[in-house]
Amino acid sequence: MVSTSVREKLYEYIEHAEEKKVQAIYTLIENEITDRKDLYDEATLASFRAINDDYFAGKIEAYPMEESLQRIREKISA
């Protein structure tokens with residue numbers, strides 16, 4: 001299954017899952033989430049959050065990863 005499809009299914013599941021199940025999933029990946037916080041400084045994280053908020057507010061358009069990569073490949077080969 002394509003990564004974006006898996007992500008979409010997970011987002012959908014988590015959005016409607018019982019609280020106990022959400023907590024169980026979080027417990028499984030908590031250390032990885034904590035480790036990722038150290039990858040970016042607060043200014044970069046704030047920028048990511050702002051972009052995310054703009055996307056969900058419909059202020060900006062985004063493309064799935066596969067489509068973005070295809071566009072890049074087309075530009076490179078042109």
Top-ranked residue in the range 62-78 [being under 15 Å from the mean Cα position of the chain (by Cα) and either open to solvent by 100 Å² or more (accessible area, probe 1.4 Å) or among the polar types (S, T, N, Q) (or both); ranked as farthest from Val2 (Cα to Cα)]: Ser68
Some residue of the range 17-27 being at pLDDT 90 or above, charged (D, E, K, R) and surrounded by 11 or more Cβ atoms within 10 Å (Cβ to Cβ): yes
Test: residue in the range 42-51 that is open to solvent by 90 Å² or more (accessible area, probe 1.4 Å) and more than 16 Å from the chain's Cα centre (by Cα): yes
Number of the exception - Leu39 against (1) open to solvent by 90 Å² or more (accessible area, probe 1.4 Å); (2) within 14 Å of the chain's Cα centre (by Cα); (3) of a type in the set (A, V, I, L, M): (2)
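The values are calculated or read from the model by the stated rules, or taken from the named source; none is laboratory data. Keep in mind it's a predicted model, so treat the numbers as computed, not measured. Note: ideal-geometry Cβ built from the backbone for every residue, glycine included; neighbour counts use all protein chains shown. Protein only, heavy atoms only, side chains kept; ligands, DNA and RNA dropped before computing areas. Shrake-Rupley method; radii C 1.70, N 1.55, O 1.52, S 1.80 Å.
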